[in-house]
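Asks: My questions all concern the structure below.
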Amino acid sequence: MLLLKRWTLLLVFFNLLFCSTFACSMPVGLIRTPMDKLSSTAYPTLGFIIDLPEQPQDIYSQYILKKYDSDTYKNNTNTKGALVLMMHPKWSGQSLTEPKYLLEFTIIRLSPGAFESFKLGNHRENQCLCFGREQTNFASSIVEKIVTEKDTSNTFNCFRKDIKLKDGDIIIANARLVREEQILKYENDDKAVIKRILDSIKPL
């Protein structure tokens, strides 16, 4: 996740450099990532195919996509890799600041043993706000719940679906949508697309 943050800051830096050169201004507020057009993308090292939005031309509404599948990452996380997407950037308008992303997908590949640990609440991924430490079962269909972050009182719509791969590994697909005013008026639309994306995940 730290590498993703660094990548995001680098993207923002080049955006700012572009703006300083061509006299454009930084946006303020939420700029929604368009998600009306989806296309299939395969991730062989992660073992699945997924429908994702087309990357918009407007740099301020673009989403971040990062695939983690290095041996170092897998060894350090007790996973077999992950795909992270960050959408719906909310910009402060201030120079040299990264946006806050209001929609995030985290899609993780686990071995059967690691998934058993996750079900018991003992895997590092149980630190995720949407998962928690409570015991759970395989989620063959989308599970939805509202979660409140204790330290900030921020609330989130959380979505989860599990997919079993052909070799027995398990994909845990999680989406987290911040519940705030600018999001709530489009909440039903966002929920529909989130579920469409999660349901599109299929084993390769």
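The values are calculated or read from the model by the stated rules, or taken from the named source; none is laboratory data. Remember, it's a predicted structure, so these values are computed and weren't measured experimentally. Note that we place each Cβ from the backbone using ideal geometry, even for glycine, and neighbour counts take in every protein chain shown. For the accessible areas, the whole protein counts, side chains as well, though only heavy atoms, and no ligand, DNA or RNA atoms are used. Shrake-Rupley method; radii C 1.70, N 1.55, O 1.52, S 1.80 Å.
Asks: Among SER70, SER140, SER117, what's the order by accessible area (1.4 angstrom probe), most exposed first?
Replies: SER140, SER70, SER117
Asks: From largest accessible area down, sort ASP151, ASP162, ASP189, ASP199; use a 1.4 Å probe on the protein chains.
Replies: ASP151, ASP189, ASP199, ASP162
Asks: If you don't mind, another one. Please report, in debye to the nearest 20, how large the charge dipole of the stretch 107-204 is about its Cα centre when each Lys and Arg carries +1 at its beta carbon and each Asp and Glu carries -1 there.
Replies: Roughly 240 debye for the stretch 107-204.
Asks: Where the only charges are on Cβ atoms (+1 Lys, Arg; -1 Asp, Glu), what is the dipole of the chain about its Cα centre, to the nearest 20 debye?
Replies: Approximately 280 debye in magnitude.
Asks: Given the DSSP H assignment, sum -39500 (n - 2.57) over each helix run of at least 4 residues in the chain and divide by its residue total; what's the result at 222 nm in deg cm²/dmol, nearest 500?
Replies: -8000 deg cm²/dmol
Asks: Another question, if that's okay. Could you list the square roots of 5 times each eigenvalue of the Cα gyration tensor of the stretch 113-204, that is, the equivalent ellipsoid semi-axes, sorted largest first and rounded to whole Å?
Replies: Equivalent-ellipsoid dimensions as semi-axes: 24, 18, 8 Å.
Asks: Give the accessible area for LEU120 in Å² (nearest 10); use a 1.4 Å probe, count only protein heavy atoms, and leave out ligands, DNA and RNA.
Replies: Looks like 90 Å² after rounding.
Asks: Modelled label-to-label distance, GLU116 and TYR73, 7 Å Cα→beta-carbon offset: nm?
Replies: Inter-label distance under the simple model: 2.7 nm.
Asks: Now a separate question. Heavy atoms only, probe 1.4 angstrom, no DNA, RNA or ligands counted: give me LEU65, LEU30, LEU204, LEU83 ranked by accessible area, highest first.
Replies: Per-residue accessible area, sorted high to low, gives LEU204, LEU65, LEU30, LEU83.
Asks: Using the Kyte-Doolittle scale, which helices in the chain average at least -0.5 and also have C-alpha atoms spread 15 Å or more along the helix axis, with helices defined as whole DSSP H runs?
Replies: 2-22
Asks: Please give me the summed charge of the neighbours of THR136: other residues whose Cβ is under 12 Å from its Cβ, Lys and Arg +1, Asp and Glu -1.
Replies: After counting each charged neighbour, the total is 0.
Asks: To the nearest 10 square angstrom, how much accessible area does THR136 have with a 1.4 angstrom probe?
Replies: 40 Å²
Asks: Something else: What is the Cα radius of gyration of the chain over 2.2 N^0.38 Å, N being its residue count?
Replies: Normalised by 2.2 N^0.38 Å, the Cα Rg of the chain equals 1.05.
Asks: If you count only protein heavy atoms and use a 1.4 Å probe, how large is the accessible surface of PHE138, to the nearest 10 Å²?
Replies: For PHE138, the solvent-accessible surface is approximately 80 Å².
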